[in-house]
Amino acid sequence: MNKTSNLLFYVKKAKINSVRESLIYLRIIIDSKIAEISTKRTVKPSKWSSAM
């Protein structure tokens, strides 16, 4: 049986801390089941590029 999987790193812009940085999250998708976890790392949203 084949399983499909996908990893996506993204910034939650709705959660900005006091130094204007956002948390980086990881979304894991395996066979349409989704799990999201925080990487505990931050970045300025203006420095984050979602383009591949």
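Annotations for the structure displayed:
- Kirkwood analysis of segment 5-45, using all unique Cα-Cα pairs, places the hydrodynamic radius at 10.7 Å.
- With a Cα cut-off of under 30 Å and a minimum spacing of 8 residues unless on different chains, the lysine pairs in the chain number 17.
- Remark: spin-label model distance LYS15-ARG41 equals 1.6 nm, labels positioned 7 Å along the Cα→Cβ axis.
- Selection from ILE34, MET1, PRO45, by position along the positive dipole direction of the chain (Cβ): PRO45
- Counted over segment 5-45, the DSSP beta bridges are approximately 100% antiparallel.
- Charge dipole magnitude, Cβ of K and R +1, D and E -1 - segment 5-45, Cα centre, debye nearest 20: 220
- Pairs of Cα atoms nearer than 8 Å and 6+ residues apart set the relative contact order; for the chain it is 33 percent.
Rule-based calculations on the coordinates, nothing more; no lab input. Keep in mind that this is a model prediction, so the values were computed, not measured. Here the Cβ is made from the backbone with ideal geometry for all residues, glycine too, and neighbour counts use every protein chain on show.
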